[in-house]
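Chemist: Attaching a single structure in C-alpha cells format; questions to follow.
Taken together, the values in this text are just the output of simple stated rules run on the coordinates, not laboratory data. Quick caveat: nothing in here was measured; it's all calculated off a predicted structure. Positions of Cβ are generated from backbone atoms using ideal geometry, with glycine treated the same way; all protein chains shown enter the neighbour counts.
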Amino acid sequence: MMEKMKIEKSFRRLILIELLFPILLLVLGIYHGFIQVLYRAGVIQSTSFLGLDYYQGLTLHGVVNAIVFTTFFAVAFGHALILFYLKKTPHLLFSWISGGLMVLGTLLASYAILSGKASVLYTFYPPLKAHPLFYIGATLLVIGSWIAFFAWIPLYRSWRKENANQKTPLAIVGIFSTFLVWLMATLPLAYEVLVMLIPWSLGFVPTVNVMLARTLFWFFGHPLVYFWLLPAYIMFYVMLPKVSGGKLYSDFAGRFVFMCFIILSAPVGLHHQFTDPAIRSSWKWFHTVLTFGIAIPSFMTFFTLCASLEYAAKSRGGTGLLRWWTKLPYFNKDNHEQWLFPYFISGLILFSFGGITGLINASYTMNSVIHNTSWVPGHFHTTVGGPVFLSFIAMSLFMVARLLGKEIQFPKLNMWVPYLWMVGVLTFSIGMSVAGIYGVPRRTNLGISYMTSQPDIFRGLGMLWSNMSVLGGGLMSLSMVFFFFVFITTLCSKKKMEGHLYFPTSETYYDENISFVQNFKPWIIIAIVLIVIAYGLPLYDVIQATFYGSAGFTPQSPLPTP
Ligand code: HAS
C-alpha cells in the first residue's frame, strides 16, 4: 500500500513537471507572437528585442506554442486521465524516461533556434535547413511521447479484462484516439526526419527531395491538428456538460466522433499542397472529398454540445427556442470547477469561426485565393489558438491547482481571461483574414508582398486590415499577462487541501450501448486502408520527382527590399 502511494506520488510529480515546463516556455512563445504583430504593422522596426530576428522569433513562436506546449500537455493530460479513470499507474521508470526525453529534446531544439541555427519555422520543410540538433531534439520529443503512450496500452488491456462488462470511460476512448492519431501522424515524420533531414543537415547527402519532404510533412501535419483538437474534445464531451450544470446529450455521439477522427485525420494532408507541383489533381481532389468528411464529426460535436448546453440551460430555468442561451454560467467565477466554463465556451465560439474558414480552405478553388496569405494564420488562431489553447491552459491551471491542493487566486480576473483572449483572437483573425483576401502574405519578412500589381487603394486597405492584428495581438497579450498572474499567484498561494487528481465528469442523457464504437480495431484497420489508398500513389509520384532535389537555404532577416 505504502509502495503504491509512493509510486503515485512520484507519478503526480512527473505530471506536474510536464505541465509546468511548457507553461514556462509559453511565456517566450507568447512574447514573440506579440513582437510579430508589432513588427508586421511597422510599430517597431526590428524584432530583435531578445536578440532574435524575424524568422527566428517566428520559429520560436510556432514551435513552442504549437508543438512543445501541445505535446507536453497531451502526455500529462493522458497520464492524469489513466490514473483517474482507470485507477492505474503507468510504469514509473518508462514514464520518467519519456518525460526526460521530451525535456531534453525540447532543450536541444530550443538551443538550435535561440542560437540562430534553425530559423526554419514550425513546418521546417526544406530547402530551409536547420542545425542537426533541431531535428534530433524534435525526434526525442516525439519518441518521449510514444513511450508514454506505449506504457498506457497494457493498463488499458488489463482494465478491459477486469471490467469486461463495462464501457471504457469516454475520456479514455478520447485519449487513446488522440494518441492513435499521433502515432499515425508521426510515422511519416520519423521517416522524413531520420532518413532525409538529419543526414542532409549533417552533410552526408548534398540535396534532399523537397517534394517528398513536403508531402511527408503534411502527411504528419494535418493529423497533427487533430492531435491538438482531441484533448479539447475530451474536455468538451466529458467535462463541459458537468461544469455548465447539465448532462452530455449522447454518449454514442462522443465515441463515434473519436472513432471518425481515427479514420479520417490522416488521409487529407494534400489539402495543404493544392498549389504544389508533382502531385496529380485527382489526388488533391480525393483529399478534398475526405477533408469535407473530417468536418462531419465536428458538425456532430456542434450539435451534441448545443443539445447538452440546452439541457443545462433549461435545468437552470432557461426557456424558448434561443433564449435559453442566456441562462448558461458565463460569469461564473467560483474557484472550484465551474470557472472552466468561460474558457470552454470562448474556445467553442472561436472554433465556430475556425470551422467555417477551414471549410473555405478545403475548397480547391477558393484555396487558391487564400493560400500562403495572412488568411491562413487568421484561420488557425481560431482553431489551435481557440478551443485548443484555451482548454489546454485552463486544464493546466486546473490540474496544477488540484495536484498541489491550492485554490485558484483572483477568480474574477481568471473569469475575464478567456473573454479577453476571445475578443483579441477575433480581432486579430478578422484583420488577418480580410488582409489575406487583399493579398497580404503570411510569414514573410517586410518587403515581400503579393500586392505590388494591385491599385494603391487595395494595397492600402490590405495594410489597414492587417494592422488590426496589432489591436487583436495586444488584447491577446494582455489576456495572457492576466493568465500568468493568476497562474503564478495560485502556484505560490497557501495549500488549502490535500493534493489530489480530480476531473469533473458529466452524466449522460442518452447512454446508448452500441457495440461498433466500443472497439478500436476495425477503425484502425479502416484508417490504414484509407491511408494506403490516399497516399500510396501520391508518394510514389513524389519519390520519382528527384529533380526537386535542393541544397540547404537559410532565410535572412531583414530581406532586401525589392
Ligand atoms: Fe485547418 C490550415 C482545413 C480544422 C489548424 N489549419 C491550417 C493550419 C493550421 C490549422 C495550423 O483545407 C496552417 C498550416 C500551415 O502552417 O500551413 N482545418 C481545415 C478544415 C478543418 C480544419 C476543413 N485546422 C483545423 C483545426 C486546427 C487547424 C481543428 C487546429 C487545432 N486548414 C484547412 C486547410 C488548410 C488549413 C485546407 C490549408 C490552408 C492553406 O492553403 O495553407 C475542419 O476540421 C473544421 C471543422 C470544424 C467545424 C466547426 C464545428 C464547431 C464547433 C463549435 C461548437 C460551438 C458551440 C458553442 C457548441 C465544422 C464544434 C456555441 C457557439 C455559438 C457561435 C453560439
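Chemist: Quick check: Cα centre of the range 286-336 to Cα centre of the range 51-75, how many Å?
Modeler: Cα centroid of the range 286-336 versus Cα centroid of the range 51-75: 31 Å apart.
Chemist: All other residues with a Cβ under 15 Å from the Cβ of I234 taken together, and with Lys, Arg as +1 and Asp, Glu as -1, what is their net charge?
Modeler: +1
Chemist: Right, another one. Rounded to the nearest 20 Debye, what is the dipole magnitude of the range 8-166 about its Cα centre when Lys and Arg each give +1 and Asp and Glu each give -1 at the C-beta?
Modeler: So the magnitude is around 440 debye.
Chemist: With the crude spin-label approximation of a point 7 Å out along Cα→Cβ, what separation in nm comes out for R442 versus I457?
Modeler: Once both label points are built, they end up 2.9 nm from each other.
Chemist: How much net charge surrounds G462 when only other residues with a Cβ under 14 Å from its Cβ are counted (Lys, Arg +1; Asp, Glu -1)?
Modeler: Summing Lys/Arg as +1 and Asp/Glu as -1 gives +2.
Chemist: Note down the magnitude of the dipole of the chain about its Cα centre, charges +1 on Lys and Arg C-beta and -1 on Asp and Glu C-beta and zero elsewhere, to the nearest 20 debye.
Modeler: Approximately 940 debye in magnitude.
Chemist: Hey, with R₀ at 35 Å, roughly what FRET efficiency would N372 and F204 work out to, going by the Cβ-Cβ distance, to 0.05? Don't jump to the answer; show the numbers that get you there.
Modeler: Working: r = 32 Å, r/R0 = 0.90.
For R0 = 35 Å, the calculated efficiency reads 0.65.
Chemist: I've got another one for you. Hey, if you put +1 on the Cβ of every Lys and Arg and -1 on every Asp and Glu Cβ in the range 360-506, which of N414, N467, M432 ends up farthest toward the positive end of that dipole?
Modeler: Going by the charge dipole, the pick is N414.
Chemist: Each residue of the range 335-352 in order: what ³J(HN,Hα) in whole Hz does its phi give by Karplus 6.51 cos²θ - 1.76 cosθ + 1.60, θ = phi - 60°, with x for Gly and Pro?
Modeler: 10, 8, 9, 5, 5, 5, 4, x, 5, 5, 5, 5, x, 5, 4, 4, 5, 4
Chemist: Between L478 and V43, what is the label-point separation in nm under the 7 Å Cα-to-beta-carbon projection?
Modeler: 1.1 nm
Chemist: If packing is taken as the average number of other Cβ atoms within 10 Å across a peptide's residues, how do 16-25, 385-394, 195-204 rank, most packed first? Numbers along the way, then the final one.
Modeler: On the way: 16-25: 19.2, 385-394: 26.7, 195-204: 16.7.
Going by the mean number of other Cβ atoms within 10 Å, highest first, we get 385-394, 16-25, 195-204.
Chemist: Residues in the range 401-418, backbone N under 13 Å from the label point at M497 (7 Å along the Cα-to-beta-carbon vector): list them, ranges by number please.
Modeler: Within reach of a label on M497, which here means backbone N under 13 Å from a point 7 Å along Cα→Cβ, the range 401-418 contributes 401-408.
Chemist: Would you mind working out the magnitude of the charge dipole of the range 360-506 relative to its Cα centre, with +1 at each Lys and Arg C-beta and -1 at each Asp and Glu C-beta, to the nearest 20 Debye?
Modeler: Magnitude of the dipole: close to 400 debye.
Chemist: If you count, for each residue, the other Cβ atoms within 10 Å and average over each peptide, how do 432-443, 158-169, 362-373, 464-475 line up from highest to lowest? Spell out each step's value before the answer.
Modeler: On the way: 432-443: 22.1, 158-169: 12.2, 362-373: 15.6, 464-475: 20.1.
The most tightly packed comes first, giving 432-443, 464-475, 362-373, 158-169.
Chemist: Work out how much length S281 to S363 would gain on full extension: take 0.36 nm times their residue separation and subtract the Cα-Cα distance, in nm to one decimal. Each step should come with its number before you reach the end.
Modeler: Values: separation 82, 0.36 × 82 = 29.52 nm, distance 1.30 nm.
Contour length minus Cα-Cα distance gives 28.2 nm.
Chemist: As a test of the formula, what do you get for the chain when each DSSP H run with n ≥ 4 contributes -39,500 (n - 2.57) and the sum is divided by the residue count, at 222 nm and rounded to the nearest 500 deg cm²/dmol?
Modeler: Per the formula, -22000 deg cm²/dmol.
Chemist: How many angstrom lie between the Cα centre of the range 488-503 and the Cα centre of the range 112-190?
Modeler: If you average the Cα positions of each part, the centres end up 29 Å apart.
Chemist: How far apart, in nanometres, would the label points at I296 and L107 be if each is projected 7 angstrom from Cα along the Cα-to-Cβ direction?
Modeler: So the two model labels end up 4.8 nm from each other.
Chemist: In the neighborhood of P342, defined by Cβ-to-Cβ distances under 14 Å, what is the net charge if each Lys or Arg adds +1 and each Asp or Glu adds -1?
Modeler: Numbers: positive: K333, K412; negative: D334, E337.
Neighbourhood net charge equals 0.
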